[in-house]
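The values are calculated or read from the model by the stated rules, or taken from the named source; none is laboratory data. Computed from a prediction, not measured in an experiment: that's the story for all the values here. Glycine also receives a Cβ, built like all others from the backbone with ideal geometry; neighbour counts cover every protein chain displayed. To get the accessible areas, we keep the full protein, side chains included, count just its heavy atoms, and leave off ligands, DNA and RNA. Shrake-Rupley method; radii C 1.70, N 1.55, O 1.52, S 1.80 Å.
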Amino acid sequence: MSPQLTLQSPLQLPPSEVPSYLEQLWLNDQPGNTGAKTFSLLVWQPAWVEQQLVRTGQIDGPIIGSQSQELIQAARQAVTEGDLPHSTPPLDSSVAAVLAQRKGNQHGEDLRGQHIDAAISALEPRRLITLAPTLEKGHDLETLVAAYCPLPEEGGGNSACGDVVVLRGDHHALTDGLGILQPLLPAELPSWVWWNGSLDEAPELLERLAVTPRRLVIDTALGDPHRCIELLNAHVEAGRALNDLNWLRLRTWREHLAMVFDPPHRRNALSHVDQLEIDVEGHHPVQGLLLAAWIADRLGWQLQATQTIKGEGIASEFRRTDGTTVQFRLMPVPMGQPSIHPGQIVGVRLICKPDAQLEHAVCVILCAESGGCMRLEAGGMASMELIEEVVPMQVASVEMDVARLLAGGHNTTTPLLAAAAPLAAKLLS
């Protein structure tokens, strides 16, 4: 949490009074100031695993909604105790489902939306609105408001001041209370919607929140792969502004792959790729498919056929611009301690076949720090020029990733993602 000077402690108000109260807040308490002229951020923050862990006494409150090490460790323990596969990501919905079967009624103070992470606070948001669904059925809608300013040592001032609004209740209460949002989002400022949860849940609510011109931030690592890729592709085809945290985490892989082929003597090998293999953690293929689609789009490959083989991933066939066939294989790899982000890439292998222009076969292997590439290193490497590199892991909280997107200020979908999404959808179909 960023150090803040609280101008007004969180105040619970009837939902109908929130818009008018906030309209008068700055004029009354800060003469001549109407808050930061930046952006509004609307966040869906379910934190189901954290809520269940607090309820069952596995961790103490308060409920914050951030991915702390204590939360992740307790969730990994729940995977083991719940007899879930060891490759289950710790914050997966199946973990919340297992915890939901346990007895417990421990109360933890719910502070979701009442603190602003330092990475986001540095961007001086004008208004942060959090939708905080509760486990308790029949929980009526509660609305909290507060105002804040960064402390002086952060370079704060009146221009950086903002406010927070929290809408808390069960699913029905939040759905019925969405009418309050429109007057809370200043029309003159850009608005972002961060769906900080699985794309499987509350699809109607997501559709109502992600209306144009609001800019949507999702994570296609969270939810059923088909649902994730279909939602991503639907927004791309509709021309809506969309950002994907799963795509953002691919940046290091794309950069390392580009650097491998950057030397002039190696660039010609790109025209001779005839085999591409990608290993991913577990059975969530979306990130691997996005990388494969990016490679295919950049090199001008055309998809010829694809099939999903149960337990053995996805096998596809592309055709290069010179008519040569490229075989693609995405393989699921079990991990004893997987990332909190399902389906992260473990390794990539490209094999470039020699011909009159390429004297020697080239094999490029990129490996994640979290796992070796023994499978990719097997099979006929002795006759090839081998380039092998380790791709460093990105150690960043989800809030830092979101802040990177917000700082970019994109009002359209990134062109590279827009080009890759339709092809990734075809690979999974």
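Brief remarks follow.
- Pair list, Cβ under 9 Å, 6 or more apart: the range 182-193 residue open to solvent by 20 Å² or more (accessible area, probe 1.4 Å), other residue aromatic (Phe, Trp, Tyr) and in a loop (DSSP other than H, G, I, E, B): Leu189/Phe39; Pro190/Phe39
- Check on Leu53, within 23 Å of the chain's Cα centre (by Cα), farther than 29 Å from Gly282 by Cβ, modelled with pLDDT of 90 or more and aliphatic (A, V, I, L, M): no
- Condition check for Gln287: on the phi < 0 side of the Ramachandran plot and in a strand (DSSP E or B): no
- Test: Glu255 is part of a helix (DSSP H, G or I) and more than 15 Å from Trp44 (Cβ to Cβ): yes
Results for (1) at pLDDT 75 or above; (2) under 19 Å from Pro133 (Cα atoms); (3) outside any strand (DSSP E or B), shown as yes or no for each residue.
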| site | (1), (2), (3) |
| --- | --- |
| Leu5 | no, no, no |
| Pro10 | yes, yes, no |
| Val18 | yes, yes, yes |
| Tyr21 | yes, no, yes |
| Gln24 | yes, no, yes |
| Pro31 | no, no, yes |
| Pro46 | yes, yes, yes |
| Val49 | yes, yes, yes |
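- Selection status of Met400, at pLDDT 75 or above and either surrounded by fewer than 15 Cβ atoms within 10 Å (Cβ to Cβ) or part of a helix (DSSP H, G or I) (or both): yes
- The lone exception for Arg112 - which of (1) open to solvent by less than 40 Å² (accessible area, probe 1.4 Å); (2) touching a residue at least 40 places away in the same chain (Cβ under 8 Å); (3) not in a loop (DSSP other than H, G, I, E, B) it fails: (3)
- Taken over the range 238-289, the criterion of being small (Gly, Ala, Ser), open to solvent by 10 Å² or more (accessible area, probe 1.4 Å) and under 27 Å from Asp355 (Cα atoms) is satisfied by Ala258, Ser271.
- Annotation note: Cβ proximity below 8 Å between a residue of the range 45-71 that is free of Cβ contacts under 8 Å to residues at least 12 places away in the same chain and more than 20 Å from Val164 (Cα to Cα) and a residue that is surrounded by fewer than 22 Cβ atoms within 10 Å (Cβ to Cβ) and not hydroxyl-bearing (Ser, Thr, Tyr) (sequence gap 6+ or interchain) occurs for Glu70/Ile59.
- In the set Gly347, Gly372, Gly311, Gly323, only one residue is at pLDDT 85 or above, out of contact with any helix residue (DSSP H, G or I) (no Cβ under 7 Å at 6 or more places or on another chain) and either surrounded by fewer than 16 Cβ atoms within 10 Å (Cβ to Cβ) or of a type in the set (Val, Ile, Thr) (or both); that residue is Gly323.
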